[in-house]
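The values are calculated or read from the model by the stated rules, or taken from the named source; none is laboratory data. Quick caveat, the model's predicted, so the values are computed rather than measured. Calculation scope for accessible area: heavy atoms of the full protein, side chains included, ligands and nucleic acids excluded. Shrake-Rupley method; radii C 1.70, N 1.55, O 1.52, S 1.80 Å.
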Amino acid sequence: MQPQSNYPLRKLNTFGMDVSARYFASAGSIGEIQELLLDSRFRGLDQVILGGGSNVLLSRDINGLVLKNDIRGIFKIREDERYAWVQAGAGEPWHPFVRHTIGLGLAGLENLSLIPGNTGAAPMQNIGAYGVELKDVFEELEALDRTDGSLVRFGVRDCEFGYRDSIFKGKFRDRFIIVTVTVRLSKIPEFHIEYGAITRELEAMGVSGLTIDGISQAVMRIRSSKLPDPALIGNAGSFFKNPECPASLVEALKDQYPEMPVYPAAEGKMKMAAGWLIEKAGWKGYRKGDAGVHPLQALVLVNYGHAKGEEILELAGRIQASVEEMFKISLEREVNVY
Ligand code: EPU
């Protein structure tokens, strides 16, 4: 494969960062990825794997190889009376994959409709929305080991999924390239409508009775109403994670701010809404140059045009400092920064 040199990346990351790659290649098969990994021209240089580019902030030119994982294909690989197992290539765009499974009459991914990005990135951060996480339907994935090019299978336990977390963000960071993802979907739907906005949206849509497609449509409407479309305004979704804090701290804050949203978390902890904290600290709708905080969802940092990575990072740092000062809570980045 012949990579291209000095390749512009602006269209390949949803934040719209105008940076370039010293070398760029798009790989449509496992063999092509293996070939590029073994290529001596890229030894010792940076190697960045891009999927849909929807959860990264590219803050500089990449002095090495940017490899776009473009492995495609969706296959129903197995089924029984209750379930069907569907495998997608890592390069399949996530939302069309979700809609494809809904078209097959299969339930499980409907709450995860309209999440930007490609399927291969979904297990990395255990994507989640509206009461469902990928881990709830995940069966297994195949990944290439960058150290020797071998293909390794990971079951659900191997992935060590957590809230927006997996082994691929921890111990195995930068070690594996996910090439396929298999989910176990249900022929007999179990709906997840605990997230109040879904029922409210279904009512507003005049829909009576739950269907897989109805939930997907409701989720699409909710997301479109508050999350900016990356095709129109550069962003990478939630920039920070919702922090998990000691219950004692949360209870003290609740006395001061009774309206503050909180969610149950692991033993002795509670999860807070970072968007609420950022809004309360006064940042919602803030803009300096082309870097800003979205006016409808404070958890989303946006690029109105030509913001540089360092401007977004500077804004993020100022937000972290002010939330820390006001609430004694440190916000952790959700977006991967290069
Ligand atoms: N809120 C505010 N002000 C804001 C934003 C939110 O007060 O500017 C409040 C809301 O009113 C609500 C609470 O915070 O009471 C939570 O807000 P929302 O339901 O919009 O969800 P979120 O916690 O901000 C998380 C995920 C989203 C996911 C939604 C829905 C993280 C980091 N983000 O956001 O995921 O779509 O829940 O499940 O967990 C992403 O990861 O990129 C992403 C968009």
Looking only at lysines whose Cα falls under 18 Å of Lys271's and that sit 8 or more positions away or on another chain, we get Lys241, Lys254, Lys280, Lys328
Sorted by chain and number, the residues with a modelled amide H under 5 Å from that of Met270, at a separation of 5 or more or across chains, are Cys245, Ala247
At q = 0.08 Å⁻¹, the log10 of I(q)/I(0) for the chain from a Debye sum over equal Cα scatterers comes to -0.40
For the stretch 234-337, averaging the sequence separation of alpha carbon pairs under 8 Å that lie six or more residues apart and dividing by its residue count, the contact order in percent is 33 percent
Any residue on another chain or 5+ positions along whose placed amide H is under 5 Å from the amide H of Ala236 is listed here as Leu301
Whole-Hz Karplus couplings 3J(HN,Hα) for the stretch 200-209, θ = phi - 60° and coefficients 6.51, -1.76, 1.60, Gly and Pro as x, run 4, 5, 4, 4, 4, 7, x, 8, 10, x
Under a Gaussian network model of the chain whose springs join Cα atoms within less than 10 Å, the largest fluctuation of Ile193, Ile33, Ile178 belongs to Ile193
The answer for the chain, accessible area per residue at 1.4 Å probe in Å², is 46 Å²
One would report the antiparallel percent of DSSP beta bridges in the chain, rounded to the nearest 5, as 80 percent
With the stretch 74-186 reduced to its Cα atoms and the Debye formula applied, log10 I(q)/I(0) at q = 0.10, 0.11, 0.13, 0.20 1/Å amounts to -0.26, -0.31, -0.44, -1.05
The correct ranking of Thr180, Thr147 by accessible area at 1.4 Å, largest first, is Thr147, Thr180
Under the Karplus relation with 6.51, -1.76 and 1.60 and θ = phi - 60°, whole-Hz ³J(HN,Hα) for the stretch 298-307, x at Gly and Pro, equal 5, 7, 9, 8, 10, 10, 6, x, 10, 4
A 1.4 Å probe over the protein heavy atoms gives the chain a carbon and sulfur accessible-area percentage of 49 percent
Straight-line reach check, Lys76, cutoff 27 Å on alpha carbons, 8 or more apart in-chain or any other chain, hits among lysines -> Lys68, Lys135, Lys187
The Kirkwood hydrodynamic radius of the stretch 234-337, taken as the inverse of the mean 1/r over all distinct Cα pairs, in Å, comes to 14.0 Å
